[in-house]
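Engineer: Next up is a structure, given as structure tokens.
The values are calculated or read from the model by the stated rules, or taken from the named source; none is laboratory data. As the structure is a computational prediction, the values presented were derived from the model and not from experiment. Cβ atoms come from the backbone with ideal geometry, glycine included; neighbour counts cover every protein chain shown.
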Amino acid sequence: MSEFHPYSELQLDGKQLNEAELYLNNQYMTTVNPQDTRDPSSIHDLTIVTRARDGTRQTLSLPVTTRRPNDFRPGDILVASDNFGDIYPPGYIGHSAIVVDDRHIIESVTSHPQVRKSPANNFLSVHTQVMHARPKDPEVGEAAAAYAKEFLNAYTTNLNNGESVPEFSFTTQVPLNDPNEAIYCSKLVWLSYYYGANIEFDNNFFLFAPVDLEANLEDDDRFEVLYKHPDFDFKINLKL
């Protein structure tokens, strides 16, 4: 006998289930949110069939909201509208990084070292309000990723040798196309595409912020937005 349980009635230890994360071999796959009221186009069905020793079967039907990208290619761009550690509320400042292979990003951060290679999943475990974009031409992405790797190699070599490296800074005194004197997250992405792939993202203000990346990627037909969290939103425009 099979008993059907609608997801809205699913309980755990007598309490209504709010959210559950699914993992395969310790790798995050997706999130089950029984109370999800978002656009149905972003929600898929997950069916779980359980069988007890006495042969009793139960079928659970759950909505699954995929909230994190899991397919990465060189040159992909990750933009977050929320912030690490809740220093600022979501929608202010944000973060961004460039993907350099199927598992890693290169990013510029405030902590030491200020340019580093990290697992892409680290970015996604810190940030939930994420946008994931990809160049339509794979060679463009490869070229931008290659520049990012060269930048990191030069940065690391100079740092280890006690030589000068660009400091994390939003200074107005250093041009956006200067890779030597100052760096920050979205500038690193800008430089990678400017010098690596001959693509210049539009910017008419001294600071090329993550919000500017979002605007460029959504308007540039050389890129496609693969994923955008429903709550992704910037509250301020630093060009104003």
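Engineer: Between a first residue in region 157-182 that is without any contact (Cβ under 8 Å) to a residue 12 or more places away in the chain and a second residue that is in a loop (DSSP other than H, G, I, E, B), which pairs have beta carbons less than 7 Å apart while being 6 or more apart in sequence or on different chains?
Structural biologist: N158/S164; N158/V165; V174/E181
Engineer: In region 159-204, how many residues are polar (S, T, N, Q) and surrounded by 14 or more Cβ atoms within 10 Å (Cβ to Cβ)?
Structural biologist: Final tally of qualifying residues: 4.
Engineer: Would you confirm, using the coordinates I've provided, whether S192 is closer than 18 Å to T110 by Cα, touching a helix residue (DSSP H, G or I) at 6+ places or on another chain (Cβ under 8 Å) and hydroxyl-bearing (S, T, Y)?
Structural biologist: No, not satisfied.
Engineer: Only one of these conditions is not met by F72: (1) in the same structural domain as N177 (by TED's automatic domain parsing); (2) within 18 Å of the chain's Cα centre (by Cα); (3) at pLDDT 95 or above. Which number is it?
Structural biologist: Evaluating F72 over (1) in the same structural domain as N177 (by TED's automatic domain parsing); (2) within 18 Å of the chain's Cα centre (by Cα); (3) at pLDDT 95 or above leaves (1) as the failure.
Engineer: Being surrounded by fewer than 19 Cβ atoms within 10 Å (Cβ to Cβ) and in the same structural domain as S81 (by TED's automatic domain parsing) is the requirement here; does E218 meet it?
Structural biologist: Judged against the criteria, E218 is a match.
Engineer: Filter region 119-141 down to residues that are surrounded by 17 or more Cβ atoms within 10 Å (Cβ to Cβ) and over 17 Å from the mean Cα position of the chain (by Cα), then give me how many there are.
Structural biologist: Residues flagged as surrounded by 17 or more Cβ atoms within 10 Å (Cβ to Cβ) and over 17 Å from the mean Cα position of the chain (by Cα) within region 119-141 amount to 1.
Engineer: Do we have any residue at all in region 192-212 that's touching a strand residue (DSSP E or B) at 6+ places or on another chain (Cβ under 7 Å) and modelled with pLDDT under 95?
Structural biologist: yes
Residue by residue, here is whether (1) within 20 Å of E200 (Cα to Cα); (2) over 20 Å from the mean Cα position of the chain (by Cα) holds:
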| position | (1), (2) |
| --- | --- |
| A146 | yes, no |
| L159 | no, yes |
| G162 | no, yes |
| N177 | yes, yes |
| A182 | yes, yes |
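Engineer: Also: Could we say that I105 is in contact with a Ser or Thr (Cβ under 6 Å, 6 or more places away or on another chain), buried (at least 20 other Cβ atoms within 10 Å of the Cβ) and either part of a loop (DSSP other than H, G, I, E, B) or at pLDDT 95 or above (or both) here?
Structural biologist: In short, yes.
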